[in-house]
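*Asks:* Dropping the structure in here first, questions after.
The values are calculated or read from the model by the stated rules, or taken from the named source; none is laboratory data. A quick note: this is a predicted structure, and the numbers were derived from the prediction, not measured. Counting neighbours? That spans all protein chains shown, and the Cβs are built from the backbone with ideal geometry, glycine included. Areas reflect the complete protein model, heavy atoms only, side chains present, ligands, DNA and RNA absent. Shrake-Rupley method; radii C 1.70, N 1.55, O 1.52, S 1.80 Å.
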Amino acid sequence: MNILDVRHQLCPIPVIRTQNAVARLGDGERLTVLCTDPGTLSDIPAWCRINGHRLLGTVEKGDDIEITLQVCKS
């Protein structure tokens, strides 16, 4: 599993780093983004929709947020 830790980073850094990580992954691979910025709950799903990636799930654990997506490059 691919994990990107952007906890304690504020917008727009989590989205930029997510975009950079996805660029290095292949079609069908999964990425879990660990965040603390509540804005990522809307920003990363919106980025996925715009770029054609599949949002698999979002889990909130206290201040921590885990967003899992599947890369769709085709």
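*Asks:* Count charges around Thr36 for me, please; just the other residues with Cβ under 15 Å from its Cβ, Lys/Arg as +1, Asp/Glu as -1.
*Replies:* Combined, the nearby Lys, Arg, Asp and Glu give -4.
*Asks:* A further question follows. What is the sum of charges around Val6, taking Lys and Arg as +1, Asp and Glu as -1, for the other residues whose C-beta is under 10 Å from the C-beta of Val6?
*Replies:* Counting the neighbours of Val6, the net charge comes to 0.
*Asks:* Can I ask one more? Measure of size requested: the Rg and Dmax of the stretch 32-74, with Cα atoms as the atom set and Å as the unit; please supply both.
*Replies:* 10.3, 36
*Asks:* May I ask you to rank Cys48, Cys72 by accessible area, largest first, using a 1.4 Å probe over the protein chains only?
*Replies:* Most to least solvent-accessible, the answer reads Cys72, Cys48.
*Asks:* What accessible area per residue, rounded to a whole number of Å², is obtained for the chain using a probe radius of 1.4 Å?
*Replies:* 60 Å²
*Asks:* Given that just one value was derived from the coordinates, which of (i) 17.2; (ii) 14.3; (iii) 11.9 is Kirkwood radius over Cα pairs in Å?
*Replies:* Here the calculated entry is (iii).
*Asks:* Note down the relative contact order for the stretch 3-56 as a percent, whole number, built from C-alpha pairs under 8 angstrom at least six residues apart.
*Replies:* 45 percent
*Asks:* By DSSP, what percent of the beta bridges with both residues in the chain are antiparallel, rounded to the nearest 5?
*Replies:* 75 percent
*Asks:* Once the other residues with Cβ under 14 Å from the Cβ of Leu56 are scored (Lys, Arg +1; Asp, Glu -1), what is the net sum?
*Replies:* Around Leu56, the surrounding residues sum to +1.
*Asks:* Mind ranking 28-41, 5-18 by how tightly packed they are, going by the mean number of other C-beta atoms within 10 angstrom, highest first?
*Replies:* Final packing ranking: 28-41, 5-18.
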